[in-house]
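> Structure in structure tokens, see below.
The values are calculated or read from the model by the stated rules, or taken from the named source; none is laboratory data. All values derive from a computational prediction rather than experimental measurement. As a convention, Cβ positions derive from the backbone with ideal geometry for all residues, glycine included, and neighbour counts pool all protein chains shown. Each accessible area value is taken on the protein alone, full model and side chains, heavy atoms only, with ligands, DNA and RNA left out. Shrake-Rupley method; radii C 1.70, N 1.55, O 1.52, S 1.80 Å.
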Amino acid sequence: MSSRDIVLGRIRAALSDVPGEERPEDVPVPREYWAAHAPDDPGGLLDLLQDRLAEYRATVHRCDAAALPETVAAVLARRGARTVVVPEGLPAQWLTAFAATRLGDTPPLSPQACDTADSVVTSCALAIAETGTIVLDGGSGQGRRALSLIPDHHLCVVRAPEQVVASVPAAVARLAPTRPLTWISGPSATSDIELERVEGVHGPRTLDVVLVRG
């Protein structure tokens with residue numbers, strides 16, 4: 001008997017007393033676990049999000065809405081960006097203080113064009129404070145998945161407090177499962193067999209996050 005036969009046999013045994021017509025929704029499942037471990041305080045969640053992002057080696061900037069264009073321009077200048085990918089729907093005022101070349105994605109940019117761009121600026125669907133994770137769902141200002149994965153530098157703007165949630169369960173409750181979800185926890189990185197960290201393997205080498213209030 002193979003391992004596969006053993007596993008399937010145990011599954012059949014566990015389901016032996018389940019009526020054939022029973023559906024999953026017919027049996028309520030108690031979900032008494034905590035949905036979040038952070039305080040329900042917008043200011044506290046924002047501080048926690050910043051701490052978690054920094055732990056993942058993202059660079060975090062905070063500003064109010066009025067200072068957002070200057071903050072975005074300063075971050076791009078610090079990274080030496082001369083060409084920036086701009087997804088459809090990104091608010092034009094975010095880049096009013098940035099004078100370098102902007103690359104729209106209509107018609108879609110080629111992989112080579114995305115690769116040679118210095119940066120991409122996007123919005124997000126939401127951010128998770130407890131895990132320091134930013135979620136993109138391809139909505140307005142976020143673009144298709146390739147735009148946030150191919151350029152070497154990603155600048156993401158998170159609107160606080162409305163886009164900040166405490167936990168993964170809270171995020172899942174707000175996200176549409178049919179959307180193309182991209183979960184970002186810091187710059188792309190991996191480790192080889194000797195545990196040497198290498199960044200920029202599966203996505204951007206550098207991640208800047210602007211937390212904007214108001």
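> At a probe size of 1.4 Å, how large is the accessible area of HIS202, to the nearest 10 Å²?
The accessible area comes out at roughly 130 Å².
> Keeping all protein chains in the complex and leaving out DNA, RNA and ligands, what accessible area do you get for GLU70 with a 1.4 Å probe, in Å² to the nearest 10?
Answer for GLU70: close to 110 Å² accessible.
> I want the local charge near LEU95. Using Cβ-Cβ distances under 12 Å, sum +1 for each Lys or Arg and -1 for each Asp or Glu among the other residues.
On the way: positive: ARG102; negative: GLU70.
With Lys, Arg at +1 and Asp, Glu at -1, the net is 0.
> Give me the net charge for the shell around GLY139: Cβ to Cβ below 15 angstrom, other residues only, Lys and Arg +1, Asp and Glu -1. It would help to have the intermediate numbers written out before the result.
Numbers: positive: ARG144, ARG145, ARG159, ARG174, ARG179; negative: GLU88, ASP105, ASP137, GLU162.
Here the charged neighbours net out to +1.
> Can you give me the solvent accessible area of ASP115 with a 1.4 Å probe, rounded to the nearest 10 Å²?
100 Å²
> Separate question: Can you work out the Karplus-derived ³J(HN,Hα) for every residue in segment 91-98? Use 6.51 cos²θ - 1.76 cosθ + 1.60 with θ = phi - 60°, whole Hz, and x for glycine or proline.
Ordered by residue, 3J(HN,Hα) equals x, 4, 5, 5, 10, 5, 9, 9 Hz.
> Residues of segment 154-207: accessible area per residue at 1.4 Å, in Å²? Don't jump to the answer; show the numbers that get you there.
Numbers: 2940 Å² over 54 residues.
About 54 Å² of surface per residue is accessible.
> How large, in percent, is the carbon and sulfur part of the accessible surface of the chain at a probe radius of 1.4 Å?
Details: 6640 of 12200 Å².
With neighbouring chains kept in place, the figure for the chain is 54 percent.
> From the helices alone, meaning DSSP H stretches of at least four residues, give me the mean residue ellipticity at 222 nm for the chain, per-run term -39500 (n - 2.57), in deg cm²/dmol to the nearest 500. Could you put the intermediate results ahead of the total?
Values: 6 runs with 55 residues, N = 214.
Taking each H run of at least 4 residues, the total per residue is -7500 deg cm²/dmol.
> Quick one: longest stretch of the chain between exposed loop chymotrypsin sites (Phe, Trp or Tyr not before Pro), exposed meaning at most 15 other C-beta atoms within 10 Å and loop per DSSP? Intermediate values should be presented prior to the final figure.
On the way: sites that count: TYR33, TRP34.
Longest site-free region, per DSSP loop and neighbour criteria: 35-214.
> Identify the GluC sites (Glu not before Pro) of segment 75-170 meeting these criteria: DSSP loop state and at most 10 other C-beta atoms within 10 Å of the C-beta.
Working: sites: GLU88, GLU130, GLU162; in loops: GLU88, GLU130, GLU162.
Loop-located and lightly packed - GLU162.
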